[in-house]
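Asker: Below you'll find the structure I mean.
The values are calculated or read from the model by the stated rules, or taken from the named source; none is laboratory data. In this text the structure is predicted, and so the values were computed from the model without any measurement. With ideal geometry, Cβ positions are generated from the backbone for all residues, glycine too; neighbour counts draw on all protein chains shown. Heads up: the accessible areas ignore ligands, DNA and RNA and are worked out on the full protein's heavy atoms, side chains in. Shrake-Rupley method; radii C 1.70, N 1.55, O 1.52, S 1.80 Å.
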Amino acid sequence: MTVEDVVAAQLEMTDGTWGALRGEGVVEGSLLRLDFTFLGGEEGAAEELKRALSGEVAVVQVSAHQTGVFRKRRVWLVTGTTEPRPVSLPALREWVERLVRLGDQYGMEFDGWGAEVPST
């Protein structure tokens, strides 16, 4: 799968997530904290991506997850949360594309994002 394929798939999911957020009362300009996840196979790449993101997000961390039938394969995760930011579909699409491409630069796959809708 090329980076362009990943961008297209993530943008399609973002459109769906925006629809779900709208259904929960989120409007253009609402402030939300956005959570994100990247996956990869190299600790060094995960740490470099963490450093690249650390200046623009509230929290970012690296962890390892054992996977596979016998849990012998290690997958590195970079997870984080942004500061509250105003959201709109165009802003989310731009942010997602940038994260997909940033992850690709470090050999990490952008696995997606989510947001918790504050109760009113």
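Asker: Identify, please: which residue in the stretch 8-58 is among the basic types (Lys, Arg) and assigned to a helix (DSSP H, G or I) and is, among those, farthest from the chain's Cα centre (by Cα)? Walk me through it before giving the result.
Answerer: First pass over the stretch 8-58, keeping only residues among the basic types (Lys, Arg): 22, 33, 50-51.
Okay, now just the ones that are also assigned to a helix (DSSP H, G or I), so 22, 50-51.
Details: Arg22: 19, Lys50: 12, Arg51: 15 Å.
Looking at the filtered set, the residue picked out is Arg22.
Asker: Still on this structure: Which one of these does Val96 not meet: (1) of a type in the set (A, V, I, L, M); (2) farther than 23 Å from Met13 by Cβ; (3) buried (at least 16 other Cβ atoms within 10 Å of the Cβ)?
Answerer: Of everything listed in (1) of a type in the set (A, V, I, L, M); (2) farther than 23 Å from Met13 by Cβ; (3) buried (at least 16 other Cβ atoms within 10 Å of the Cβ), Val96 misses just condition (2).
Asker: I need a count of the residues in the stretch 63-120 that are closer than 18 Å to Val26 by Cα, in contact with a helix residue (DSSP H, G or I) (Cβ under 9 Å, 6 or more places away or on another chain) and among the charged types (D, E, K, R).
Answerer: Residues meeting the conditions: 2.
Asker: Also: Give Gly29, Gly55 a once-over and let me know the one that is modelled with pLDDT under 95, small (Gly, Ala, Ser), open to solvent by 40 Å² or more (accessible area, probe 1.4 Å) and within 25 Å of Leu92 (Cβ to Cβ). Explain how you work it out, then say what you get.
Answerer: Details: Gly29 fails: modelled with pLDDT under 95.
Only one candidate passes the filter, namely Gly55.
Asker: Which residue, of Thr37, Thr81, is farther than 25 Å from Asp5 by Cβ and buried (at least 16 other Cβ atoms within 10 Å of the Cβ)?
Answerer: So the residue among Thr37, Thr81 that is farther than 25 Å from Asp5 by Cβ and buried (at least 16 other Cβ atoms within 10 Å of the Cβ) is Thr81.
Asker: Among all residue pairs at least 6 apart or on different chains, which show Cβ distances below 6 Å where the first residue, located in the stretch 35-49, is closer than 13 Å to Gln105 by Cβ and modelled with pLDDT of 95 or more and the second is small (Gly, Ala, Ser) and open to solvent by 50 Å² or more (accessible area, probe 1.4 Å)?
Answerer: Ala45/Gly107
Asker: While we're looking at this one, here's another question. If you go through the stretch 102-110 one residue at a time, do you hit one that is more than 17 Å from Val3 (Cβ to Cβ), open to solvent by less than 80 Å² (accessible area, probe 1.4 Å), touching a residue at least 24 places away in the same chain (Cβ under 8 Å) and out of contact with any Phe, Trp or Tyr (no Cβ under 7 Å at 6 or more places or on another chain)?
Answerer: No.
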